[in-house]
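Only the coordinates and a few stated rules stand behind these numbers; no lab work does. On a predicted model such as this, the values are computed, not experimentally measured, just so you know. Positions of Cβ are backbone-derived with ideal geometry, glycine not excepted, and every protein chain shown enters the neighbour counts.
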């Protein structure tokens with residue numbers, strides 16, 4: 001059990017507080033934010049302190065930190081704060097939901113945020129500062145490297161490699177043995193069947209609406225209209 005300072009005051013910090021409170025041995029004792037985001041002195045009855053002074057208020061020898069920061073700037077913002085927290089000397093915990101499906105060989109790095117209903121098959125390796133939102137499938141022998149964000153209901157087939165700072169949107173599907181190059185953005189609903197190049201962006205095509213209104217339908221079936 002560790003006493004935890006959570007970075008942030010956004011929805012992500014709120015969720016982290018909830019999960020750590022109800023599904024971990026850790027105790028959240030405070031929040032910390034950058035000075036220009038310090039709007040309230042308390043959150044959930046706990047103090048909110050400036051990040052530039054956090055180590056003087058909560059010594060890294062007694063407290064650990066968790067940084068549940070969103071995917072802004074392709075994860076670089078989270079990576080920057082991760083690096084700064086480590087430079088301050090704070091140990092960084094990871095949260096892995098008890099409702100995720102794991103195997104005895106499972107391990108991940110520091111500051112990972114792995115939510116419920118993730119299925120992580122054997123021989124998967126997960127690096128530092130990785131987010132796996134709810135309901136993903138991570139296939140056997142796949143490697144997820146540092147500072148990656150995987151949203152919800154993503155399927156990563158067996159033997160894939162996801163390089164640092166990638167973002168995979170909701171319902172994306174990655175074919176087996178595929179390499180997702182550094183800082184690839186894979187949009188919602190995209191199916192990738194081959195390796196990507198660094199910094200590429202993949203977007204799904206939105207279908208046009210049908211040439212009739214929903215209130216004109218007699219029933220909902222493939223023969224309607």
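Structure data summary
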| quantity | calculated |
| --- | --- |
| The chain - mean residue ellipticity at 222 nm from DSSP helices (-39,500 (n - 2.57) per run, n ≥ 4, rounded to 500) | -3500 deg cm²/dmol |
| From the coordinates shown, volume of the Cα convex hull per residue in Å³ corresponds to which of (1) 126; (2) 116; (3) 171 | (3) |
| Alpha-carbon centroids, region 40-69 and region 78-141: separation in whole Å | 22 Å |
| Separation of the residue 170 and residue 77 label points, Cα + 7 Å toward Cβ, nm | 2.0 nm |
| Burial order of peptide ranges 78-84, 112-118 (average beta-carbon count within 10 Å, highest first) | 112-118, 78-84 |
| For region 117-184: rounded, prolate or oblate by the Cα gyration tensor [a/c cutoff 1.5] | rounded |
| Between 0 and 90°, nearest 10: helix 11-22 axis offset from the chain longest Cα axis | 70 degrees |
| Using alpha-carbon coordinates, inclination of helix 76-87 to the longest axis of the chain, degrees | 20 degrees |
| Prolate/oblate/rounded label for region 3-87 (Cα gyration tensor, a/c 1.5) | rounded |
| Förster radius 25 Å - calculated FRET efficiency between residue 11 and residue 214, Cβ distance, rounded to 0.05 | 0.20 |
| Mean-position separation - Cα centroids, region 5-30 and region 142-206, in angstrom | 28 Å |
